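**Q** Take a look at the following structure, please.
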Amino acid sequence: MENEITLDMLRHSTSHIMAAAVKRLFPEVKIAIGPSIENGFYYDFDFERGFAPEDFPAIEAEMKKIIKERAPFTRKEVSRQEALELFKNEPYKVELIENLPEGETISTYEVAGFLDLCRGPHIDHAGRIKAFKIMKVAGAYWRGDSKNKMLSRIYGTAFFSKDELKEYLHRIEEAEKRDHRKLGRELDLFSIQEAGGPGLVYWHPKGALVKKLIEDYWKTEHYKDGYELVQTPHIALKHLWETSGHLDFYADSMFSPMPVDDQEYILKPMNCPFHLLIYKSKIRSYKEMPIRWAEPGTVYRYEKSGALHGLMRVRGFTQDDAHILCMENQLENEIQRIMTFIFKIFKKFGFTEYEIFVSTKPEKAVGSDEIWEKATNTIIASLKEEGIDYKIDAGGGAFYGPKIDVKIKDAIGRLWQCSTIQVDFNEPERFDINYVGEDGENHRPIMIHRALFGSFERFIGILIEHYAGAFPLWLSPTQIAICPITDNNLEYSKKVEEKLKALGYRVMMIAENEPLKAKIKTAQLEKIPYMVIIGDKDMENNVISIRARDGKQETMTFDAFAEKLSAETK
């Protein structure tokens with residue numbers, strides 16, 4: 001039986017055990033739904049006073065009793081009328097039953113005296129649950145609608161073994177230490193100012209410097225790889241978004257129109273229509289193909305306040321965007337070229353493990369099935385040609401075309417969605433763009449939408465968490481802290497500072513009249529890669545004492561330190 005149990009089934013069953021325990025302890029509670037989710041499960045309850053972490057020990061203790069009893073899960077199929085009678089005192093279940101299509105099979109599961117409306121499947125008995133933990137409680141509107149009542153959602157997790165649970169809890173603890181919002185405050189990188197509007201990022205000097213370093217590297221590598229940079233406005237007339245299809249398929253994520261001179265403008269949620277307007281500014285020839293245009297373009301999207309999350313989910317952000325317009329016989333090669341570029345860029349930032357997904361046509365889409373199939377097949381062929389493993393994300397494509405999504409794995413094993421490559425036969429059609437072919441006739445180019453990081457904001461959030469705020473030398477806002485031990489060492493320290501700055505390094509002098517231990521602590525809190533500690537002996541011997549961020553210490557000449565820094569930054 002153990003081999004037949006999936007983790008999803010185990011967690012779904014554990015959510016029922018948790019609900020059973022809650023009903024035993026708090027009979028007045030009304031139950032809603034309790035599915036398994038990524039990394040665990042939850043159950044929604046209608047409880048007048050609500051739940052708090054102080055309730056968790058009692059609930060977990062009751063769950064352990066049920067597990068020890070090896071309470072069986074019993075399935076039963078019932079008629080609609082029977083179901084309504086069984087759950088007559090559970091209003092949320094009654095609503096679910098009433099909304100079921102006519103003729104649909106209705107099944108219930110009972111465990112430890114707790115009856116639930118559920119399709120299943122479940123484990124055979126509660127004794128199969130070996131390791132679980134209640135994680136947190138949060139508010140959640142019934143059916144996700146803010147017009148409905150707020151319920152108490154208790155989250156938990158379950159694993160096949162205690163070792164797996166222990167490892168997961170360690171990862172959660174490590175993730176909390178690395179939270180980019182916390183580190184962003186501590187390192188003075190950025191803030192979200194409620195007075196200025198939720199979901200809008202304010203880059204402080206150090207954070208703005210990190211962002212500039214990444215953007216400069218991004219631009220340099222794009223020029224090297226055959227891209228040209230363009231720059232476009234932040235707003236456009238409403239009819240542009242009607243032409244592109246965004247108003248039909250993306251309106252919920254767009255800000256409301258702004259009336260100007262009897263016309264309506266909208267903040268751009270995407271850069272692609274602007275790049276197509278540049279393309280249309282003159283007649284294009286097959287000799288220009290492929291055209292590769294890149295833009296770190298700031299866009300604006302309406303995200304619900306509950307979805308906002310530090311740098312990871314914001315309302316204004318800079319996409320590291322590019323669009324490639326090419327001929328059909330160039331498409332496969334361009335996709336392969338982009339994949340090579342992605343792997344090169346991420347290696348620079350310390351990411352070498354990935355998962356690749358091919359996302360196919362969603363329910364809501366533009367374009368014929370034939371066009372979608374053609375684009376999807378080309379994507380798959382390009383990945384196979386390069387020997388790149390991938391998974392299918394059925395229905396996960398953009399409304400205008402299939403895509404490749406690249407998820408990177410961070411230092412603690414979490415996957416982050418970053419790069420995307422989207423093949424689009426539809427927008428060139430909607431904007432009626434052409435190029436003059438070798439035969440002198442007009443032909444329709446294919447458009448590739450491409451982003452490497454997704455957005456600079458989100459990628460910096462990922463980097464903060466990946467490095468726990470301790471950026472590699474080339475990305476650190478301050479690379480070297482100089483710490484004279486006494487005022488007698490200050491003049492010598494200033495000469496070292498000048499020489500390092502002349503070499504282009506970002507240096508901070510910690511000259512306060514305080515003990516060396518305090519100076520070292522200041523540099524450590526700011527996660528500065530290197531400290532140059534200068535005392536009387538260093539001056540006598542014309543050397544410097546180096547203390548690395550990890551605590552390693554060595555004494556060397558200035559020239560040797562300069563060589564060490566140069567090698568590390570390269």
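For every residue, the table says whether it meets (1) basic (K, R); (2) out of contact with any Lys or Arg (no Cβ under 6 Å at 6 or more places or on another chain); (3) closer than 23 Å to V423 by Cβ; (4) surrounded by fewer than 15 Cβ atoms within 10 Å (Cβ to Cβ).
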| position | (1), (2), (3), (4) |
| --- | --- |
| E176 | no, yes, no, yes |
| L183 | no, yes, no, no |
| P198 | no, yes, no, yes |
| D216 | no, yes, no, yes |
| L229 | no, yes, yes, yes |
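**Q** Consider K212 carefully, then state whether it is of a type in the set (K, R), exposed (fewer than 15 other Cβ atoms within 10 Å of the Cβ), assigned by TED's automatic domain parsing to the domain that holds L452 and under 30 Å from V299 (Cβ atoms).
**A** Details: of a type in the set (K, R): yes; exposed (fewer than 15 other Cβ atoms within 10 Å of the Cβ): yes; assigned by TED's automatic domain parsing to the domain that holds L452: yes; under 30 Å from V299 (Cβ atoms): yes.
Judged against the criteria, K212 is a match.
**Q** I'd like to check something: does segment 341-351 contain any residue that is under 24 Å from L415 (Cβ atoms), of a type in the set (A, V, I, L, M) and surrounded by 17 or more Cβ atoms within 10 Å (Cβ to Cβ)? Reasoning before the result, please.
**A** Filtering segment 341-351 for residues under 24 Å from L415 (Cβ atoms) gives 341-351.
Restricting the remaining residues to those that are of a type in the set (A, V, I, L, M) gives 342, 345.
If we keep only those that are surrounded by 17 or more Cβ atoms within 10 Å (Cβ to Cβ) as well, we get 342, 345.
Checked segment 341-351: at least one residue is under 24 Å from L415 (Cβ atoms), of a type in the set (A, V, I, L, M) and surrounded by 17 or more Cβ atoms within 10 Å (Cβ to Cβ).
**Q** Got at least one residue in segment 187-195 being of a type in the set (G, A, S), out of contact with any helix residue (DSSP H, G or I) (no Cβ under 9 Å at 6 or more places or on another chain), exposed (fewer than 15 other Cβ atoms within 10 Å of the Cβ) and part of a helix (DSSP H, G or I)? Can you show your working first?
**A** Step one: of segment 187-195, the residues of a type in the set (G, A, S) are 191, 195.
Those left that are additionally out of contact with any helix residue (DSSP H, G or I) (no Cβ under 9 Å at 6 or more places or on another chain): 195.
Filter once more, keeping what is exposed (fewer than 15 other Cβ atoms within 10 Å of the Cβ): 195.
This time we only want the ones that are part of a helix (DSSP H, G or I), so: none.
Within segment 187-195 (the criterion being of a type in the set (G, A, S), out of contact with any helix residue (DSSP H, G or I) (no Cβ under 9 Å at 6 or more places or on another chain), exposed (fewer than 15 other Cβ atoms within 10 Å of the Cβ) and part of a helix (DSSP H, G or I)), the answer is no, since none of the residues qualifies.
**Q** Out of segment 236-256, which residues are under 17 Å from G316 (Cα atoms) and crowded, with 16+ Cβ neighbours inside 10 Å? Give the derivation first.
**A** Keep residues of segment 236-256 that are under 17 Å from G316 (Cα atoms), which gives 236, 250-256.
If the condition is that a residue be under 17 Å from G316 (Cα atoms) and crowded, with 16+ Cβ neighbours inside 10 Å, then A236, Y250, M254 are the ones that fit.
**Q** From the residues in segment 289-308 that are in contact (Cβ under 8 Å) with a residue 24 or more places away in the chain and either assigned to a loop (DSSP other than H, G, I, E, B) or out of contact with any strand residue (DSSP E or B) (no Cβ under 7 Å at 6 or more places or on another chain) (or both), which one is surrounded by the fewest Cβ atoms within 10 Å (Cβ to Cβ)? Before the answer, list the steps.
**A** So the first thing to find is which residues in segment 289-308 are in contact (Cβ under 8 Å) with a residue 24 or more places away in the chain, and the list is 289-303, 305, 308.
Filter once more, so that each one left must be either assigned to a loop (DSSP other than H, G, I, E, B) or out of contact with any strand residue (DSSP E or B) (no Cβ under 7 Å at 6 or more places or on another chain) (or both): 289-290, 301-303, 305, 308.
Details: M289: 20, P290: 17, R301: 19, Y302: 14, E303: 15, S305: 8, L308: 15.
Ranking the candidates gives S305 first.
**Q** If you take the residues of segment 474-517 that are polar (S, T, N, Q) and closer than 24 Å to I464 by Cβ, which of them is surrounded by the most Cβ atoms within 10 Å (Cβ to Cβ)?
**A** At the first step, the residues of segment 474-517 found to be polar (S, T, N, Q) are 476, 478-479, 486, 488-489, 493, 513.
Checking which are closer than 24 Å to I464 by Cβ leaves us with 476, 478-479.
Details: S476: 24, T478: 18, Q479: 22.
Out of the qualifying residues, it is S476.
The values are calculated or read from the model by the stated rules, or taken from the named source; none is laboratory data. Only a predicted model underlies this, so the values are computations on that prediction, with no experimental measurement involved. Cβ sites come from the backbone with ideal geometry, for glycine too, and all protein chains shown count toward neighbours.
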